Amino acid sequence: MNPNKPAVNAPLWLLAELTYRCPLQCPYCSNPLDFAQQEKELTTEQWIEVFRQARAMGSVQLGFSGGEPLVRKDLPELIRAARDLGFYTNLITSGIGLTEKKLDAFADAGLDHIQISFQASDETLNAALAGSQKAFQQKLEMARAVKKHGYPMVLNFVLHRHNIDQIDKIIDLCIELDADDVELATCQFYGWAHLNREGLLRRASRSPARKRRWRATGRA
């Protein structure tokens, strides 16, 4: 064992959850269950100080997340501060509230990369999961705008029992939108996902062979 090697490696990636506010109501959201009570957010200056400390510790990439980070009016200022500190910056967004004007402002501030989340590959299921009838078309429009503005783009889908059978259609949608990368994320059962666990878990099916074995051994 090398005695000069630090016991803890540098945190190369910083995920900044700027806010718990969000216009959508996804059942697998990781926001705290009492997020409505958590009204006090870090100020612009406090977040920039967090960025400074993380950069000093060795962090090189910064993700702006939430909730929905677009609800923060100081997002361009935070992006610029992060870029000035030397971070590679990534906006992780639902796309709700995003506009071409904001895409230009973020580019001017130095944003490097955008990730847009979808709830499903079709409008009906996306609306049911997001709690918004307009979300799917907005996401499509903004995904195309992100590519038009020259950003690298990741599309994110959280998988659970309601959309896991859509993976082929999800991939088709990502190809159609010319995504640079696709993230198929496993649903993590904490926050609202824990509360909605029974509705999100895929129910296991028993194969005919398995059923025959159970009958033969007398097990139910």
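The values are calculated or read from the model by the stated rules, or taken from the named source; none is laboratory data. Remember, it's a predicted structure, so these values are computed and weren't measured experimentally. Counting neighbours? That spans all protein chains shown, and the Cβs are built from the backbone with ideal geometry, glycine included. Just the protein is used for accessible areas: all its heavy atoms, side chains included, with ligands, DNA and RNA removed. Shrake-Rupley method; radii C 1.70, N 1.55, O 1.52, S 1.80 Å.
Assuming 0.36 nm per residue, please report the length gained on full extension of the stretch residue 52 to residue 100 beyond their Cα-Cα distance.
That works out to 14.3 nm of additional length.
Report the FRET efficiency, 1/(1 + (r/R0)^6), for residue 108 and residue 25, where r is their Cβ-Cβ distance and R0 is 30 Å, rounded to 0.05.
0.40
Which residues in the range 100-128 have a backbone N closer than 18 Å to a point placed 7 Å from the Cα of residue 176 along the Cα-to-Cβ line?
Under cut-off, by backbone N: 116-128.
Classify the range 28-107 as rounded, prolate or oblate, taking a ≥ b ≥ c as the square roots of the eigenvalues of its Cα gyration tensor: rounded when a/c is under 1.5, otherwise prolate if a/b is larger than b/c and oblate if not.
Cα axes put the range 28-107 in the oblate bin.
Long-range amide H contacts for residue 115: which residues qualify at under 5 Å (H placed 1.01 Å from N, peptide plane, sequence gap of 5 or more or a different chain)?
Residues meeting the criterion, in which the H sits 1.01 Å from N, are 91, 92, 93, 154.
In degrees, nearest 10, range 0 to 90: what is the angle between the Cα axis of helix 135-148 and the longest Cα principal axis of the chain?
50
Putting +1 on Lys and Arg Cβ atoms and -1 on Asp and Glu Cβ atoms, find which of 95, 69, 115 reaches farthest to the positive end of the dipole of the range 59-137.
The listed residue farthest towards the positive side: 69.
Of 190, 88, which has the most accessible area and how do the rest follow, probe 1.4 Å?
If we order 190, 88 from most to least accessible, we get 190, 88.
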